[in-house]
1. What number of residues within segment 57-107 are without any contact (Cβ under 8 Å) to a residue 60 or more places away in the chain and either of a type in the set (Val, Ile, Thr) or in contact with a Leu (Cβ under 8 Å, 6 or more places away or on another chain) (or both)?
2. Just to be sure before I move on: is residue 104 over 18 Å from the mean Cα position of the chain (by Cα) and not hydroxyl-bearing (Ser, Thr, Tyr) in the structure I sent?
3. Looking at segment 38-110, what helices (runs of 4 or more DSSP H) fall wholly within it and have at least 2 residues that are within 23 Å of residue 173 (Cα to Cα)?
4. For segment 269-290, check the following and say yes or no: at least one residue is touching a residue at least 12 places away in the same chain (Cβ under 8 Å), over 30 Å from residue 347 (Cα atoms) and crowded, with 16+ Cβ neighbours inside 10 Å.
5. Test of understanding: among 325, 268, 297, 251, which residue is of a type in the set (Phe, Trp, Tyr), in contact with a Pro (Cβ under 8 Å, 6 or more places away or on another chain) and in a helix (DSSP H, G or I)?
6. Among the residues of segment 62-90, write down those that are surrounded by fewer than 23 Cβ atoms within 10 Å (Cβ to Cβ), over 15 Å from residue 321 (Cβ atoms) and either hydrophobic (A, V, I, L, M, F, W, C) or modelled with pLDDT of 85 or more (or both).
7. Which of the residues that make up segment 144-165 are under 19 Å from the mean Cα position of the chain (by Cα) and not small (Gly, Ala, Ser)?
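The values are calculated or read from the model by the stated rules, or taken from the named source; none is laboratory data. Since the structure is predicted, the reported quantities are computational estimates derived from the model, not experimental observations. Note: ideal-geometry Cβ built from the backbone for every residue, glycine included; neighbour counts use all protein chains shown.
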Amino acid sequence: MLDPYNFAKKLLEVSIIFQLIAFSAETAMVLTSIYIPYYAYQLGATEIEVGLIGASAGIPYIFIPFLAGRLSDRVGRKKGLLTGVTVVTLSYIMYLLIYYPSIFILVRIVEGVGWSFVWPSMEAIIGDSKRKLQVYNIMWGFGSTIAPYMGSSIYQFYGAKNVLLLSIGLMVASFIFAITGKEEIVLKNSSDERYRGDFRFKPIFFIPFIYGVLGYTLLTFFPIYAEKRALSLNVSGLVLSVMNFGRLSAFVLSNKTIFGKERVQEYFMILLGLVPIGLIFFANEIFLISLFFLLGFSLGVTYAYALGKILSISEANRGYYAGVFESLLGLGAFSGPLIGGMLANLSFNYIFVIPSILILLFIFLKKI
């Protein structure tokens, strides 16, 4: 585990500017991922429309990240980062002007285009160093941890528009950081290392997909689920923050040797399939908090392991592989809320069975 002194030292060693971008951009993204669908529901959107709003940002995120990552390898990763931050900021400004739920779908697609450039560029800039990746994961993990509860408090007392204003401010800060930050990685375009056309599907690539399905389904639907269970928006925000705190805790411990063992990773993957089923048997707030912490910790352990493995495949083509990672995450972020919206029309309980089915598929793929 990192003590505060060592963490501050590592933070300075891995370009503090880009770590601050990871924090501010992730905070903004989580705020809109949770409270745009909830805001649309308050404006009269149906469960299916909420699912479409949650899923729509994932549409461009399926196809664009690996192209954006490849482009950043050639023209510069900082340029890709600035492009993405600009697009996201403009989409957030557009949200302020919307009063009809269906229009959110179109703007969320634009937002997804922006994130398709931001995260592959960031991951390529950070690199595959375990130290750098750990600090990077901790910084964005901290942003995602404070965002749900902070957003619920602002929404409850000051309204949705103020959550959007905060998100815009965070993205403007990210833009300023990106301009001032100096990219330390020297891009390699050696002809010796080419794409060999050997991108075969391996089980490791299934992990970001599961992460996208599970994470974005819960961000989209849990506040509505909590409201149906007579829980306040503040409680749902707290529970989601606890989930993200569990993930942050996993990032802090991610350099421990035990988490690099394949058998341990398999156990946590199984937990990702089993824990969401516990939501069907909702008991009380303490039960929810315990369940979501365990879920977040499992997400963090598997995410950190998969990202490190995938980014270590190729140094020169790191942007490309970062894009592949994010594209698979985007496929999950699109599929989870979309299918969840359809199932929620029948019963919200059906939503929480999706991860179990996916984990069974993952185990099957590993066997073959």
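1. Adding up the residues that qualify gives 9.
2. In short, yes.
3. Filter on segment 38-110 gives 58-75, 77-95.
4. Within segment 269-290, none of the residues are touching a residue at least 12 places away in the same chain (Cβ under 8 Å), over 30 Å from residue 347 (Cα atoms) and crowded, with 16+ Cβ neighbours inside 10 Å.
5. 325
6. 62, 63, 75, 82, 83, 86, 87, 89, 90
7. Within segment 144-165, 145, 146, 148, 149, 150, 163, 164 qualify.
Quick grid of which residues meet (1) farther than 24 Å from residue 131 by Cα; (2) modelled with pLDDT of 85 or more:
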{"position": "279", "(1), (2)": "yes, no"}
{"position": "309", "(1), (2)": "no, no"}
{"position": "339", "(1), (2)": "yes, yes"}
{"position": "353", "(1), (2)": "yes, no"}
